[in-house]
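S.K.: Before we start, here is the structure in question, set down as structure tokens.
The values are calculated or read from the model by the stated rules, or taken from the named source; none is laboratory data. All of these numbers come straight from a predicted model, not from anything done at the bench. For neighbour counting, all protein chains shown are included, and Cβ atoms are generated from backbone atoms with ideal geometry for every residue, glycine included.
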Amino acid sequence: MSFNGFPHDLNTDTDPIFQDRIRPFIESELKKLQEYDALRPADTLYIFHEHAHRVAEDMRRTCAHLGLPAFVCKTMYWTMLPHDIGKRLLPVALWDSEEKPTEEMKQKRRSHADLGLEIVGKEFGDTEHPFLALMKDIIGNHHEQMDGTGYRGLTGEQLSAPVKLACIIESFDGYQIRRPHFGDRDISTAGVLKRMREEKGAAFYDMELFEAFAEAKIGAHTRHPE
Ligand SMILES: [Fe+2]
Ligand SMILES: [Fe+2]
């Protein structure tokens, strides 16, 4: 498997711009997302800042399973954390309605990717930095699908490997959170992986990365039985 696009030219532990500016920015944004979550109904199951931490950890584990060096896995963990920061700019009521969301609501929800990029743009302007480039790639494109049916309509050839992996991890976590319309759907780790593989498959995901993610997930599941 080729690892094109995973950042081997950057160590977040020693990079001064990351430590002085980017890390505090991400931490502050995650805190703001947590404050935003606190405004939502107490019984909501999709808590955004918790989702952010789960998917960042899944990213780190999958990268380790791919055999990437620990410092690269750590960079990827940090790039995944802020992927949904744009959500806090949307009205709270948009997320937790009892009814099926309208097309207009869906469009607004989808704008969180662009809104996230706006937040980054306000903070960093045109600052060029390899971490920022990757972070923006993931914020903007984490809801794409290989066949071009995602939020922005990009196809597999237009997506970097880190983004393709981010899309898989994002999708998995979304499916594993129980929602009212899921009924009695199997949301166990194995059940969700099976559904993604059989119902979505290569139309949505890079299957080589998907199987690596699945192995990392099942391995983690076996080591820490629920
Ligand atoms: Fe998202
Ligand atoms: Fe997300």
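S.K.: I need a count of the residues in the stretch 191-200 that are in contact with a Lys or Arg (Cβ under 9 Å, 6 or more places away or on another chain) and surrounded by fewer than 14 Cβ atoms within 10 Å (Cβ to Cβ).
M.R.: 1
S.K.: Residue 219 passes all but one of (1) surrounded by 14 or more Cβ atoms within 10 Å (Cβ to Cβ); (2) part of a helix (DSSP H, G or I); which number fails?
M.R.: The one condition residue 219 does not meet is (1).
S.K.: Exactly one condition in (1) assigned to a helix (DSSP H, G or I); (2) touching a residue at least 24 places away in the same chain (Cβ under 8 Å); (3) closer than 22 Å to residue 202 by Cβ is false for residue 157; which is it?
M.R.: (2)
S.K.: Find the residue count for the stretch 127-178, including only residues that are closer than 13 Å to residue 79 by Cα, surrounded by fewer than 20 Cβ atoms within 10 Å (Cβ to Cβ) and within 16 Å of ligand 2 (Cβ to nearest atom).
M.R.: 2
S.K.: In the stretch 64-102, which residues are touching a residue at least 24 places away in the same chain (Cβ under 8 Å), within 15 Å of ligand 1 (Cβ to nearest atom) and not in a loop (DSSP other than H, G, I, E, B)? Working first, answer last.
M.R.: Step one: list which residues in the stretch 64-102 are touching a residue at least 24 places away in the same chain (Cβ under 8 Å), which gives 64-66, 68-69, 71-72, 74-76, 78-90, 92, 95-96, 98, 100.
Filter again for within 15 Å of ligand 1 (Cβ to nearest atom), leaving 79-90, 95.
The answer is 79, 80, 85, 86, 87, 88, 89.
S.K.: Still on this structure, please answer the following. Check off (1) at pLDDT 95 or above; (2) within 13 Å of ligand 2 (Cβ to nearest atom); (3) surrounded by fewer than 22 Cβ atoms within 10 Å (Cβ to Cβ) for residue 64 and give me the number that stays unchecked.
M.R.: Exception for residue 64: condition (2).
S.K.: Scanning for something part of a loop (DSSP other than H, G, I, E, B) and touching a residue at least 60 places away in the same chain (Cβ under 8 Å), does the stretch 103-124 turn up at least one residue?
M.R.: For the stretch 103-124, residues part of a loop (DSSP other than H, G, I, E, B) and touching a residue at least 60 places away in the same chain (Cβ under 8 Å): absent.
S.K.: Same structure again: When you go through 203, 212 one by one, which is the residue that is touching a helix residue (DSSP H, G or I) at 6+ places or on another chain (Cβ under 9 Å) and either exposed (fewer than 15 other Cβ atoms within 10 Å of the Cβ) or not hydroxyl-bearing (Ser, Thr, Tyr) (or both)? Spell out how you get there, then give the answer.
M.R.: Working: 203 fails: touching a helix residue (DSSP H, G or I) at 6+ places or on another chain (Cβ under 9 Å).
Answer to the selection: 212.
S.K.: Any residue at all in the stretch 41-52 that is within 14 Å of ligand 1 (Cβ to nearest atom), within 14 Å of the chain's Cα centre (by Cα) and touching a residue at least 60 places away in the same chain (Cβ under 8 Å)?
M.R.: Yes, the stretch 41-52 contains at least one residue that is within 14 Å of ligand 1 (Cβ to nearest atom), within 14 Å of the chain's Cα centre (by Cα) and touching a residue at least 60 places away in the same chain (Cβ under 8 Å).
S.K.: Among the candidates 71, 48, which residue alone is within 18 Å of residue 169 (Cα to Cα) and aromatic (Phe, Trp, Tyr)? I'd like the intermediate steps shown before the answer.
M.R.: On the way: 71 fails: within 18 Å of residue 169 (Cα to Cα).
Just a single option satisfies the conditions, and that option is 48.
S.K.: Which condition number in (1) assigned to a helix (DSSP H, G or I); (2) out of contact with any helix residue (DSSP H, G or I) (no Cβ under 7 Å at 6 or more places or on another chain) is the one that residue 149 fails?
M.R.: Every listed condition holds for residue 149 apart from (1).
S.K.: Which one of 50, 57, 27 is away from ligand 2 (no atom under 16 Å from the Cβ) and not aliphatic (A, V, I, L, M)? I'd like the intermediate steps shown before the answer.
M.R.: Numbers: 50 fails: away from ligand 2 (no atom under 16 Å from the Cβ); 57 fails: away from ligand 2 (no atom under 16 Å from the Cβ).
The conditions single out 27.
S.K.: Still on this structure: Could you give me the residue pairs with C-beta distances under 6 Å whose first residue belongs to the stretch 3-15 and is in contact (Cβ under 8 Å) with a residue 60 or more places away in the chain and within 21 Å of residue 210 (Cβ to Cβ), whose second residue is in a loop (DSSP other than H, G, I, E, B) and not small (Gly, Ala, Ser) wherever it lies, and which are 6+ apart or on separate chains?
M.R.: The qualifying pairs are 6/68.
S.K.: Same structure, new question: Scan the stretch 75-100 for residues that are over 24 Å from residue 56 (Cα atoms) and within 16 Å of ligand 2 (Cβ to nearest atom) and jot them down. Spell out how you get there, then give the answer.
M.R.: Initial filter on the stretch 75-100 (over 24 Å from residue 56 (Cα atoms)): 91, 93-94, 97-100.
Residue satisfying the conditions is 94 alone.
S.K.: Within the stretch 144-152, identify whether any single residue is on the phi > 0 side of the Ramachandran plot and either within 14 Å of ligand 1 (Cβ to nearest atom) or at pLDDT 95 or above (or both), and answer yes or no. Lay out the reasoning, then the answer.
M.R.: Taking the stretch 144-152 as the starting set, the residues that turn out to be on the phi > 0 side of the Ramachandran plot are 148.
If we keep only those that are either within 14 Å of ligand 1 (Cβ to nearest atom) or at pLDDT 95 or above (or both) too, we end up with 148.
Within the stretch 144-152, one or more residues are on the phi > 0 side of the Ramachandran plot and either within 14 Å of ligand 1 (Cβ to nearest atom) or at pLDDT 95 or above (or both).
S.K.: Determine which single condition residue 181 fails, assuming it passes every other condition in (1) touching a Gly at 6+ places or on another chain (Cβ under 8 Å); (2) under 21 Å from residue 109 (Cβ atoms).
M.R.: Single failed check for residue 181: (1).
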